[in-house]
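Trainee: Have a look at this one.
The values are calculated or read from the model by the stated rules, or taken from the named source; none is laboratory data. Remember, predicted model here, so these are calculated numbers, not experimental data. Don't worry about glycine lacking a Cβ; one is built from the backbone with ideal geometry, like all the others, and counts go over all protein chains shown.
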Amino acid sequence: MDIELRFFATFRDAVGEKERTRTVNDDATVGDVLADLEGAYDGLEGQLLADGAIRDHLSVLKNGRDVVHMDDSETTLEDGDVLSVFPPVAGGADGAGGTDAQDCHSG
């Protein structure tokens, strides 16, 4: 069966393209696909899975829904599914827009 893969940010750089169609086994899971991707692209090696589980802070969506709310890496795939893979994203700058606790008590 064929699925569509979508890559973002550093993962897009590692793969060299934003989207790719990939043929997978009929019983393939999200974990199977991620393991195959780690083996196929040097820049993804060790970036997607840790001991068979999806790495913390990594977002993997199946048809727009986070697989962590399904069966995680064991989520099954169907022909035509879209799997989107997002690397971890860091937060904003420290103190941006915040109020210092001392400012609240001065005056």
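Trainee: Could you grab me the full set of residues in segment 7-17 that are of a type outside the set (F, W, Y) and either under 17 Å from D32 (Cβ atoms) or in contact with a Phe, Trp or Tyr (Cβ under 9 Å, 6 or more places away or on another chain) (or both)?
Mentor: Correct list: A9, D13, A14, V15, G16, E17.
Trainee: Of everything in segment 13-68 that's in a strand (DSSP E or B) and of a type in the set (S, T, Y), which residue is surrounded by the most Cβ atoms within 10 Å (Cβ to Cβ)?
Mentor: T29
Per-residue answers, yes or no, for (1) at pLDDT 95 or above; (2) not polar (S, T, N, Q):
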residue	(1), (2)
D42	no, yes
L49	yes, yes
D56	no, yes
M70	yes, yes
S73	yes, no
T76	yes, no
D81	yes, yes
